Structure formats: structure tokens, C-alpha cells
Amino acid sequence: MVTIIYQLLDQILNLYWWAVILAAVMSNLIAFGVLDTRNRLVWTIADFLYRITEPALRRIRNVVPSFSGIDLSPLVLLLLIWVLRNVLARVYQAVVFGGLQPLFY
């Protein structure tokens, strides 16, 4: 049961990782005029990615300032997801195999 929960959480974090990357790339492509939001498919995908990533990115944007118009919040969110996945893997190893190892080598 623990393995199933761990794998489910890990896959959710992995999917969210890719959603953040896709949202950042898509917003840049829209900003540079490569993609047109008048296209219904482009708008639907962009809206979906915005809705699932914006709540987390908004909280980070409130804390991290933008540097000369460059938004660093997706990078910070990716770093947080990476740390969360590592902590989750260490907790899983501690529960299944016993003993706690340091979180970072």
C-alpha cells in the first residue's frame, strides 16, 4: 500500500513538473507571436496549463521579484518540485527499508 501511494504521488509530481515546463514554453511562444491564441486548440491548451500552474506560480511571484521582466517563478517551482520528490523518495526508503539517510548527499 505504501508503494502504491508513493508511486502515485511521484507520478503526480512528475506530471506537474511537465505542466510547469509546458506552461512556461507556451507562454513564451504566445508572447513572441509564434502561437496565436485566436486558434481554439492553442487557447484551450494554454488556458488549461494556466489554470493548473497559476495558483502555485502566483504564490511564488508574491515572494520572488522579477528581474528586468524575466519571470523566475517557474524555475523556483521546478526546484521545489525536485526537492519535494527527493524528500518523498527518502521518506519512502525510510518506511520500506528502514533507517533514515541524509536528505542530501
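So here's what we get for this one:
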read-out: Test: residue in the range 57-70 that is part of a helix (DSSP H, G or I) and either small (Gly, Ala, Ser) or in contact with a strand residue (DSSP E or B) (Cβ under 6 Å, 6 or more places away or on another chain) (or both); value: no
read-out: Identity of the residue in the range 65-105, at pLDDT below 90 and farther than 30 Å from residue 3 by Cβ, that ends up nearest to the chain's Cα centre (by Cα); value: 71
read-out: Count - residues of the range 10-35 that are of a type in the set (Asp, Glu) and over 30 Å from residue 87 (Cβ atoms); value: 0
read-out: Close pairs (6 angstrom Cβ cut-off, 6 or more residues apart or separate chains): under 11 Å from residue 16 (Cα atoms) in the range 74-85, among the small types (Gly, Ala, Ser) and in a helix (DSSP H, G or I) anywhere; value: 77/56
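The values are calculated or read from the model by the stated rules, or taken from the named source; none is laboratory data. Keep in mind the model is a prediction, meaning the values are calculated, not measured. In this analysis, Cβ positions are derived from the backbone assuming ideal geometry, glycine residues included, and neighbour counts consider all displayed protein chains.
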